[in-house]
Amino acid sequence: VQLQASGGGLVQPGESLRLSCKASGVRVSINSMNWYRQAPEKERELIAALTSSGTTNFVDSVKGRFTISRDSVKNTVYLQMNNLKPEDTAVYYCNTQRASVSFWGRGTQVTVSS
């Protein structure tokens with residue numbers, strides 16, 4: 001299983017970014033897919049989840065601003081982030097589990113600063 005995250009960058013508060021997670025070795029349409037983030041000196045936290053049935057869940061701090069979706073043809077999961085805030089600055093990671101093993105992609109840095 002390989003997860004390749006991309007799409008991070010430097011944006012100003014209020015702007016948007018879309019992160020992508022290209023998966024191989026696992027089908028995003030049948031595996032639950034997650035996005036985590038880790039801010040400096042903070043623990044990694046789960047911020048968005050997409051189950052195989054299409055149910056989505058978000059941490060309170062991003063509800064209403066972030067959405068998670070998938071493209072089964074491209075085998076890719078997306079995290080659309082709108083109205084970004086400085087406190088969203090973090091390294092963002094794509095994650096999935098299979099057979100009780102957790103797989104992580106390399107993180108992509110998101111920096112929100114004026």
Would you be able to tell me the number of residues in region 71-89 that are under 26 Å from residue 25 (Cβ atoms), touching a residue at least 40 places away in the same chain (Cβ under 8 Å) and either of a type in the set (Phe, Trp, Tyr) or open to solvent by 70 Å² or more (accessible area, probe 1.4 Å) (or both)? 2
Keeping to region 40-51, report how many residues are in a strand (DSSP E or B) and of a type in the set (Asp, Glu). 1
For region 24-35: of the residues being in contact with a Phe, Trp or Tyr (Cβ under 9 Å, 6 or more places away or on another chain) and not polar (S, T, N, Q), which is most open to solvent (accessible area, probe 1.4 Å)? 25
Hey, among 114, 61, which residue is open to solvent by 50 Å² or more (accessible area, probe 1.4 Å), among the hydroxyl-bearing types (Ser, Thr, Tyr) and assigned to a loop (DSSP other than H, G, I, E, B)? 114
Quick one: is residue 41 at positive phi, of a type outside the set (Ser, Thr, Tyr) and open to solvent by 20 Å² or more (accessible area, probe 1.4 Å)? yes
Does residue 54 meet the test of being of a type in the set (Gly, Ala, Ser), in contact (Cβ under 8 Å) with a residue 60 or more places away in the chain, open to solvent by less than 50 Å² (accessible area, probe 1.4 Å) and not in a helix (DSSP H, G or I)? no
From 29, 20, residue being of a type in the set (Gly, Ala, Ser) and part of a loop (DSSP other than H, G, I, E, B): 29
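The values are calculated or read from the model by the stated rules, or taken from the named source; none is laboratory data. Since the structure is predicted, the reported quantities are computational estimates derived from the model, not experimental observations. As a convention, Cβ positions derive from the backbone with ideal geometry for all residues, glycine included, and neighbour counts pool all protein chains shown. These area figures cover heavy atoms from the full protein model, side chains too; ligands, DNA and RNA do not enter into them. Shrake-Rupley method; radii C 1.70, N 1.55, O 1.52, S 1.80 Å.
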